[in-house]
Amino acid sequence: MALVRHLCINPGLSRADLANAVGLTKSTVSLLVRELLAEGWLAERDVIATGDLGRRPTPLFVDPRRLLLLGAEVGIESARVVATSLTGEVLARAVVSFGSGKGAKACVGTLANALLKVHKQVNSSQQRVIGMGVGLPGGVDEASGFLHFAPNLGWHKVPVGALLAEKLAGSPLAGIPLFLHNEADVAALGELEFNPAQASDPLLYLSINQGVGAGVIVGDRLLTGSRGFAGEVGHMVLQLNGPLCSCGRRGCAEALIGPRAMLRADEDHSHPVAEIRQRLAAHDADTVRAVKKAGSYLGMLLQNLASAYDPSCIVLGGAVVELGDTFLQPALRTLTEYSAAANLEPPHVRTSRFGADAVAAGAAALVRYRLTRPLIGAASNGIVVADEEAA
């Protein structure tokens, strides 16, 4: 897997190049490459003409054709599932609504059907799914597949991993490795794993939907916290005695930045982001003012996160980001003003390269992350100490 990870970042290296890069002998690398070629992890391309005498080096690449990853996002109203290559190309997708049944078991059943629907879209005779990942809107114990709490779904203490395995029993996806994590965490991994260039580190992904959360990558590792709650930045308090948040506190970032902050509290909003987009398109003055105000609070949150983590890059994703410049420009302006006051350069901020697929593609990236880093386990905050024999 060290060879696979190195080729993800440096495609086109020869066997000799790999041996030098990872500190193994050429004969060992040749044997490992032979296995990885047979299993579908790597592919060879035409040899490179160097002008030197002797055998020309054969460039190696991560194979984007034979091995597939499935990734899923469990949202508030629906589930989104994608199939990706090992290099992050989205090859198939499906979006299914949960309908009126929002109970955990019913939604997990809908998710299982969506996974099987996407699996039917791939060529099973030539392509093989090697793992499935799921991004969930709440705190997750990845080692056990247990969801502690998803406030916007109303789920408490749900064994999502066990329920999904039960729903997939007897299907073509039965027994395939399954990984679960918080939605913002997996989206952050998508930006890390599927970035063609060397990823920025530390990297922070900020997810802005009905809730607000963050995924943090430090030193090539996901920061999860002692209970899996790291990154719950939506409940950082930005305003004393501010508006009531879903968590019960007042003045949280979620209550000031999320879509509820941009609409009147006395109205019933089943699809808040779509309603805000419509009102912006109609140039509704109250909505424009509310969106800009929420954007300014986003800038304040970005400033706090920049101070806490000193990230090289902050990636913005989620449905609310689709509101565009009316929301984002006040955020960037506020961040820049705070940075200038301290004579500091603001961190680089960009939107997710996967758009609406960010969490689902990130869940697929979670699979690649876990399979190619077998010594970074899901327990003990993502760190496993291997004994000497295993190492």
Subject >> Listed residue (Ser339, Val140, Cys107) projecting farthest to the positive dipole end of the chain, Cβ model >> reply: Cys107
Original post:
So how far, in whole Å, is the C-alpha centre of the stretch 230-275 from the one of the stretch 323-361?
Top reply: 19 Å
**OP:** Tell me which residues come under 5 Å, amide H to amide H, from Val129 once H is placed; ignore anything under 5 positions away on its chain.
**Re:** Leu68
**OP:** Mark the label point 7 Å from the Cα of Arg128 along Cα→Cβ and return the residues of the stretch 1-21 whose backbone N is within less than 16 Å of it.
**Re:** 1
Original post:
Within the stretch 1-141, what percent of beta bridges assigned by DSSP are antiparallel, to the nearest 5?
Top reply: 70 percent
Subject >> Residue of Ala361, Ala282, Ala72 that the Gaussian network model of the chain assigns the largest fluctuation, springs spanning Cα pairs under 10 Å >> reply: Ala282
Subject >> Mean separation of Cα contacts under 8 Å (6+ apart) over length of the chain, as relative contact order % >> reply: 16 percent
**OP:** Compute the accessible area per residue over the chain, keeping the other protein chains in place, probe 1.4 Å, unit Å².
**Re:** 47 Å²
Subject >> Charge dipole (debye, nearest 20) of the stretch 232-363; +1 at Cβ of Lys and Arg, -1 at Cβ of Asp and Glu >> reply: 160 debye
**OP:** Report, to the nearest whole %, how much of the accessible area of the stretch 311-369 belongs to carbon and sulfur atoms, 1.4 Å probe, protein only.
**Re:** 50 percent
Original post:
With point charges of +1 on the Cβ of Lys and Arg and -1 on the Cβ of Asp and Glu, referenced to the Cα centre of the chain, which listed residue (Pro172, Gly318, Ala188) lies farthest in the positive direction of the dipole?
Top reply: Pro172
**OP:** Multiply the residue separation of Val288 and Ser144 by 0.36 nm, subtract the distance between their alpha-carbon atoms, and state the gained length in nm to one decimal.
**Re:** 47.4 nm
Original post:
Highest GNM mean-square fluctuation, the chain, Cα pairs closer than 10 Å: which of Ser270, Ser144, Ser14?
Top reply: Ser270
Original post:
Among Asn304, Asn241, Asn152, whose mean-square fluctuation peaks in a Gaussian network model of the chain (Cα, cutoff 10 Å)?
Top reply: Asn241
Subject >> Within the chain, longest stretch clear of exposed GluC sites (Glu not before Pro) (DSSP loop, no more than 10 other Cβ within 10 Å) >> reply: 1-266
**OP:** Report, in debye and to the nearest 20, how large the dipole of the chain comes out about its Cα centre when Lys and Arg carry +1 and Asp and Glu carry -1 on their Cβ.
**Re:** 600 debye
Original post:
Pairs of lysine in the chain with Cα under 19 Å and at least 8 positions apart or on different chains: total?
Top reply: 8
Original post:
Classify the chain: rounded, prolate or oblate, from the alpha-carbon gyration tensor (a ≥ b ≥ c, eigenvalue square roots; a/c under 1.5 rounded; otherwise prolate if a/b is larger than b/c)?
Top reply: prolate
Subject >> Shape category assigned to the stretch 274-371 from the gyration tensor of Cα positions, a/c cut at 1.5 >> reply: oblate
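The values are calculated or read from the model by the stated rules, or taken from the named source; none is laboratory data. Being a predicted model, the structure only gives us computed values, none of them experimental. Ideal geometry is used to build each Cβ from the backbone, glycine not excepted, and the neighbour counts take in all protein chains shown. Keep in mind that these areas ignore ligands, DNA and RNA; they rest on the heavy atoms of the full protein, side chains included. Shrake-Rupley method; radii C 1.70, N 1.55, O 1.52, S 1.80 Å.
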